[in-house]
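This report refers to the structure that appears directly beneath it.
Since every read-out is calculated from the coordinates, none of them should be taken as a lab result. It should be emphasised that the depicted structure is a prediction, and the values quoted were computed from it without experimental measurement. So basically every Cβ, Gly included, is an ideal-geometry build from the backbone, and we count neighbours across all protein chains shown.
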Amino acid sequence: MTTSAFVKTTTKRQGADTMSKQQLMNGITELNPSADPTWLEHFDEPALRLYLDHLQLTIEPRGTSWERTSETTAVVCRRSAA
């Protein structure tokens, strides 16, 4: 079993909602080794959970469905400064 598969399986088995902050950080650093644990400490559990969910979606095959959360908008646009 690959590390990613382990994290995904562990998260689904435990449920991301029941994971501790340290478990969330461990899952994130396994999927994204460049994420510095001291930097992750600054985020609360809901933010870490959202990021871990995002990372897990990125390892899914293309075409896998996902649900947009209320924190993200579907369309982003900018107004010109002029």
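Rank-order 38-44, 22-28 by packing density, defined as the average count of other C-beta atoms within 10 Å over each peptide's residues, highest first. Display every interim value, and only then the final one.
Values: 38-44: 10.9, 22-28: 20.0.
Answer by packing, highest mean first, reads 22-28, 38-44.
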Exercise. Each residue of region 34-46 in order: what ³J(HN,Hα) in whole Hz does its phi give by Karplus 6.51 cos²θ - 1.76 cosθ + 1.60, θ = phi - 60°, with x for Gly and Pro?
Worked result: 7, 6, 7, x, 5, 6, 5, 4, 6, 9, 7, 4, x
Problem set entry | Virtual spin-label span in nm between Q22 and L57, 7 Å along Cα→Cβ | 2.9 nm
